[in-house]
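Report on the following structure.
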Amino acid sequence: MLEPFQGKSLLAEKDFSGAELYTLIKFAEHLKYLKSNNIEHHFLQGKNIALLFAKTSTRTRSSFTVAATDLGAHPEFLGAQDIQFGKKESLVDTAKVLGSMYDGIEYRGYEQSVVEGLAKYSGVPVWNGLTDEWHPTQMLADFMTIDEVFGHIKGITLTYLGDARNNVANSLLVTGAMLGVNVHLVGPASLQPSQEVQDIATKFAQDSGSQLLITDDLEKGLTGSDVLYTDIWASMGEEDQWASRIKLLQPYQLNMAAVKKTGKADTIVMHDLPAYHDLNTKLAQDIHDQFGLSELEITDEVFNAPFAKQFQQAANRMHTIKAVMAASLGHVFIPVLAEE
Ligand code: CP
Ligand code: NVA
């Protein structure tokens with residue numbers, strides 16, 4: 001029996017091959033179909049899943065909770081304030097204890113080394129729900145959404161505008177390179193990905209044929225793009241950097257001028273969310289009071305345009321996270337790895 005994912009962790013995209021990531025996306029599309037047709041899929045009946053969150057979350061936490069429940073498993077939320085880890089108990093001791101009770105662990109936090117340590121010492125599959133470096137479960141939902149909209153992934157050109165060295169930008173560059181997507185990261189020189197991240201992506205691109213571009217030139221980055229993507233200008237843990245980020249990133253806002261620069265009629269817009277497109281959040285109001293801006297990384301006009309797919313993307317978080325958990329723990333039979 002072929003169970004290529006059984007017992008495996010998802011700590012970063014590079015832990016899998018492009019074909020394996022594509023297989024997980026296709027499996028998620030199948031699970032979405034089952035859910036919408038009320039067909040049970042209890043692959044994880046009787047399993048227990050720990051959800052560790054050192055940073056806040058709406059989509060990732062809800063996706064793991066709903067997906068685990070749909071699969072017949074019990075999810076247990078363990079927030080930073082609820083457990084001994086981080087204050088009174090070490091990573092190794094915590095991992096050993098959790099691994100003795102839970103069948104799988106989700107972790108969202110800061111250093112990548114924590115999610116790696118949990119996997120090493122717990123002995124159960126660990127899923128990265130976002131670290132400072134990578135956001136792999138987000139990628140599955142993003143490329144599933146592209147597959148749904150365009151009917152394929154390979155050969156698509158995706159341009160990311162903004163803080164081009166955060167977790168989402170790093171992950172888009174590497175995942176796109178793995179899946180044969182042309183990825184353009186467009187942002188100021190001081191906010192471009194590390195050489196290490198670029199090297200990982202370049203290696204994958206040599207195999208997949210994807211064309212990568214990292215530039216501060218909007219014209220070059222936007223022309224011919226099928227997908228425009230942006231993210232918050234100061235990620236969780238970087239809240240003290242708003243002033244410098246606003247100064248650097250205002251030219252890289254995702255607005256109608258950027259959409260027009262693609263020169264394409266069917267370009268879509270994506271955002272992992274939460275987004276700062278109006279003044280209906282406390283953070284946006286604080287920024288408005290301090291800097292006089294009422295829209296940040298994306299304008300309200302673009303956010304509400306019919307070609308903006310961020311809510312389809314958000315909904316797909318649940319289906320893709322479900323696919324990852326079921327494939328890691330559910331003894332799912334996968335006859336061949338999907339290829340485009
Ligand atoms: N996109 C994303 O990870 O959202 P949350 O922070 O709400 O989980
Ligand atoms: N780059 C953002 C992503 C949020 C889902 C952050 O890390 O805060």
Filter pass, Ala258 being away from ligand 2 (no atom under 16 Å from the Cβ) and either open to solvent by less than 60 Å² (accessible area, probe 1.4 Å) or basic (Lys, Arg) (or both): yes
Long-range neighbours under 6 Å by Cβ, at least six apart or interchain, first residue of a type in the set (Phe, Trp, Tyr) within the range 156-167, second part of a strand (DSSP E or B) and within 16 Å of ligand 1 (Cβ to nearest atom): Tyr160/Tyr229
Filter result for the condition that a residue is of a type outside the set (Asp, Glu) and under 22 Å from Met101 (Cα atoms), over Ser63, Ser57: Ser63
Criterion: of a type in the set (A, V, I, L, M), within 12 Å of ligand 2 (Cβ to nearest atom), open to solvent by 10 Å² or more (accessible area, probe 1.4 Å) and touching a residue at least 60 places away in the same chain (Cβ under 8 Å) - qualifying residue of Leu179, Leu130: Leu130
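Can you tell me which residue within the range 174-200, out of those that are among the small types (Gly, Ala, Ser) and in contact with a Gly (Cβ under 8 Å, 6 or more places away or on another chain), is farthest from Leu248 (Cα to Cα)?
Here the answer is Gly180.
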Complete set of residues in the range 191-231 that are open to solvent by less than 30 Å² (accessible area, probe 1.4 Å) and hydrophobic (A, V, I, L, M, F, W, C): Leu191, Val197, Ala201, Ala205, Leu222, Val227, Leu228
Leading residue by the ranking (most open to solvent (accessible area, probe 1.4 Å)) among those in the range 133-153 that are among the charged types (D, E, K, R) and away from ligand 1 (no atom under 16 Å from the Cβ): Glu148
Matching residues in the range 154-176 - criterion: being of a type outside the set (Ser, Thr, Tyr), surrounded by 24 or more Cβ atoms within 10 Å (Cβ to Cβ) and more than 16 Å from ligand 1 (Cβ to nearest atom): Leu158, Leu161, Ala164, Leu173, Val174, Gly176
The lone exception for Tyr252 - which of (1) within 16 Å of ligand 2 (Cβ to nearest atom); (2) free of Cβ contacts under 8 Å to residues at least 40 places away in the same chain; (3) surrounded by 14 or more Cβ atoms within 10 Å (Cβ to Cβ); (4) among the hydroxyl-bearing types (Ser, Thr, Tyr) it fails: (2)
Count of the range 50-78 residues which are within 16 Å of ligand 1 (Cβ to nearest atom) and outside any loop (DSSP other than H, G, I, E, B): 16
Test set (1) over 16 Å from Lys8 (Cβ atoms); (2) touching a residue at least 12 places away in the same chain (Cβ under 8 Å) - Ser122 fails condition number: (1)
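Name the single residue that is nearest to Lys203 (Cα to Cα) among those in the range 15-44 being open to solvent by 50 Å² or more (accessible area, probe 1.4 Å) and within 17 Å of the chain's Cα centre (by Cα). Give the derivation first.
Taking the range 15-44 as the starting set, the residues that turn out to be open to solvent by 50 Å² or more (accessible area, probe 1.4 Å) are 15, 26, 30, 32-33, 35-40, 42-43.
Filter again for within 17 Å of the chain's Cα centre (by Cα), leaving 15, 26.
Working: Asp15: 14, Lys26: 24 Å.
Checking each candidate, the answer is Asp15.
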Residue check for Lys47: under 17 Å from Met144 (Cα atoms), in contact with a His (Cβ under 9 Å, 6 or more places away or on another chain) and open to solvent by 10 Å² or more (accessible area, probe 1.4 Å): no
Within the range 253-270, tally of residues that are under 11 Å from Ser225 (Cβ atoms) and among the small types (Gly, Ala, Ser): 2
Scan of the range 143-153 for residues that are touching a Ser or Thr at 6+ places or on another chain (Cβ under 8 Å) and within 22 Å of Gln198 (Cβ to Cβ), ordered by number: Phe143
Whichever residue in the range 54-86 is loosely packed, with under 15 Cβ neighbours inside 10 Å and within 16 Å of ligand 2 (Cβ to nearest atom) and, among such residues, is nearest to Ser113 (Cα to Cα): Thr56
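The values are calculated or read from the model by the stated rules, or taken from the named source; none is laboratory data. As the structure is a prediction and not an experimental result, all values here were calculated from the model. Positions of Cβ are backbone-derived with ideal geometry, glycine not excepted, and every protein chain shown enters the neighbour counts. Heads up: the accessible areas ignore ligands, DNA and RNA and are worked out on the full protein's heavy atoms, side chains in. Shrake-Rupley method; radii C 1.70, N 1.55, O 1.52, S 1.80 Å.
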